[in-house]
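Data block below; observations after.
The values are calculated or read from the model by the stated rules, or taken from the named source; none is laboratory data. Here the structure is a predicted model, which means the values were calculated and not measured. With ideal geometry, Cβ positions are generated from the backbone for all residues, glycine too; neighbour counts draw on all protein chains shown.
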Amino acid sequence: MKKILVGTDTTASADLAVQRAAELARLSEAELVVVNVRSNGAQYDAADPKKAADPDRYLAEMPRRFPQVDVRTRSETGDPAERLVEVAESERADTIVLGNRGMHGSWWRVRDSLPNLVLRHAPCSVFIVDTRAAQ
């Protein structure tokens, strides 16, 4: 692997996926691209107490948090699943890392969750991190 992309909405559970992606990037000596996608309902995102109050600051902290990893960040707007797939394609990512947040109960019944949508349309491998510890 040369490039790993991780999607985050800045929640604690998504941050577990970021941490695992950074660990994988360090072990693989790969570049890490941390992507935050703000949906078109950005006013809801700003009011969500589970998310970082300042997503831009959260992204800016990545190089300091993971000094042994070559880290870049991107802030995008749009549908999170679509944008993550598009960014993975344009970045030529080898792997997309996501948390399984939102997959409560019978996971096979969650047809349109972000992880499922990305998994079905990704141009590369997808690594889904169990983030239940943060929920």
Handout entry: Hits in the stretch 12-27 - residues which are without any contact (Cβ under 8 Å) to a residue 60 or more places away in the chain and touching an Asp or Glu at 6+ places or on another chain (Cβ under 9 Å)
Key = ALA25
Completion exercise
Condition set closer than 12 Å to ARG72 by Cα and among the aliphatic types (A, V, I, L, M), scope the stretch 1-24, selection surrounded by the fewest Cβ atoms within 10 Å (Cβ to Cβ): answer is ALA22
Exercise for the section: Starting from the stretch 115-126, keep only residues that are without any contact (Cβ under 8 Å) to a residue 24 or more places away in the chain and of a type outside the set (Asp, Glu), then list their pairs with residues that are surrounded by 15 or more Cβ atoms within 10 Å (Cβ to Cβ) and not in a loop (DSSP other than H, G, I, E, B) whose Cβ atoms are within a distance under 6 Å, requiring at least 6 positions of separation or different chains. Expected result: PRO115/LEU98; PRO115/ILE128; LEU119/VAL126
Handout entry: Residue in the stretch 61-101 that is nearest to GLN19 (Cα to Cα), counting only those that are crowded, with 22+ Cβ neighbours inside 10 Å and not aliphatic (A, V, I, L, M)
Key = GLY99
Problem - Yes/no for LEU32 being surrounded by 18 or more Cβ atoms within 10 Å (Cβ to Cβ), at pLDDT 95 or above and more than 19 Å from ALA134 (Cβ to Cβ) - result: yes
